[in-house]
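Reading through the structure tokens given below for one structure.
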Amino acid sequence: MATVGIFSPAFVFVAITGPIIPRLRESPILAGLLDGANVVSLALMAGVTWQLARASIFEPIPALIALVSLILLFRSEINPVWLVIGGGVVGIISWIFLA
């Protein structure tokens, strides 16, 4: 229920504004506003990514998972979903055996 409560408003908002956005893009002022909103959202995602990385990659196992994932992401055609699943599995196994 928590997941539904968190993500449903975003889906509803996109469904409501989807048809309106192309018309808003025709206005130079509103197009600039939308471009600014895109830049701000990307900056927020980059900032959160940086904070999460700083907080989690100080231990050897998470650092190794991150390094292997980056190498596989850029050197192979592997789907990122498998990297997330693999990282989770390695993290759980290391937690069970090293805790």
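Read the figures in this text as sums done on the coordinates, not as results from a lab. Predicted model only: the values in this text are computed from it and were never measured. Here Cβ is always computed from backbone atoms with ideal geometry, including for glycine, and neighbour counts include all displayed protein chains.
Here the Karplus curve 6.51 cos²θ - 1.76 cosθ + 1.60, taken at θ = phi - 60°, turns the phi angles of the range 44-54 into couplings of 5, 5, 5, x, 5, 4, 4, 5, 5, 5, 4 Hz, with x standing for Gly and Pro. This model, with +1 at the C-beta of Lys and Arg and -1 at the C-beta of Asp and Glu, gives the chain a dipole about its Cα centre of some 60 debye.
So if I average 1/r over every pair of distinct C-alpha atoms in the range 57-99 and take the inverse, what Kirkwood radius in Å does that give? Mind dumping the intermediate values first?
Working: mean 1/r = 0.0931 Å⁻¹.
After inverting the pairwise mean of 1/r, the radius is 10.7 Å.
Could you state the per residue volume, in Å³, of the convex hull enclosing the Cα atoms of the range 1-56? Before the final figure, lay out the partial values.
Working: hull volume 4.4 nm³, N = 56.
Per residue, the Cα convex hull of the range 1-56 comes to 78 Å³.
What is the percent of Cα-Cα separations in the chain that go past 17 Å?
Values: 3477 of 4851 pairs.
Cα-Cα pairs in the chain separated by more than 17 Å: 72 percent.
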